[in-house]
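What follows is one structure encoded as C-alpha cells, with my remarks underneath.
Just so it is clear, none of the values below were taken in a lab; they were calculated from the coordinates. Since this is a predicted model, take the numbers as computed values, not measurements. Because the Cβ atoms are built from the backbone with ideal geometry, glycine has one as well, and the counts that use them run over all protein chains shown.
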Amino acid sequence: MRNAGLVDVDREGTWAYYRTSPAGEGNRRLFAFLGDYLRGPVFEKDRRNLDRRLSLREAGKCVVGFGSRGGSP
C-alpha cells in the first residue's frame, strides 16, 4: 500500500506509524467505494471498537500494547 501511494509511514525507534496519504484522487475514489460497502451491524461494532481504541491515544500516538490498560485491540 505504501508503494501504491495509499499510505505514508513515520518511524520512531521500533514503532511504525501508518496513515493514509494526503487526499489524492486515488484515495478519494477508494474511500468512496469502501464507504458504500462497509455498512451494517458488523462494521458498526468494528467502528465502535476502533473509536474506543483511538480514544486511548496520547498526543495522537498509540501508547497501549497488548495486555496493558487498553486490553485487546
Practice task
Quick one, can you get me the convex hull of the C-alpha atoms of the range 10-64 expressed as volume per residue in Å³?
Solution key: 107 Å³
Handout entry: Segment Val9-Asn49, length gained on full extension (0.36 nm per residue, minus Cα span)
Key = 12.1 nm
Completion exercise
For the Glu58, Leu34 Cβ pair and Förster radius 30 Å, calculated FRET efficiency rounded to 0.05 is 0.60
Problem - Candidates per trypsin sites (Lys or Arg not before Pro) in the range 4-58, loop by DSSP, up to 11 other Cβ within 10 Å - result: Arg39
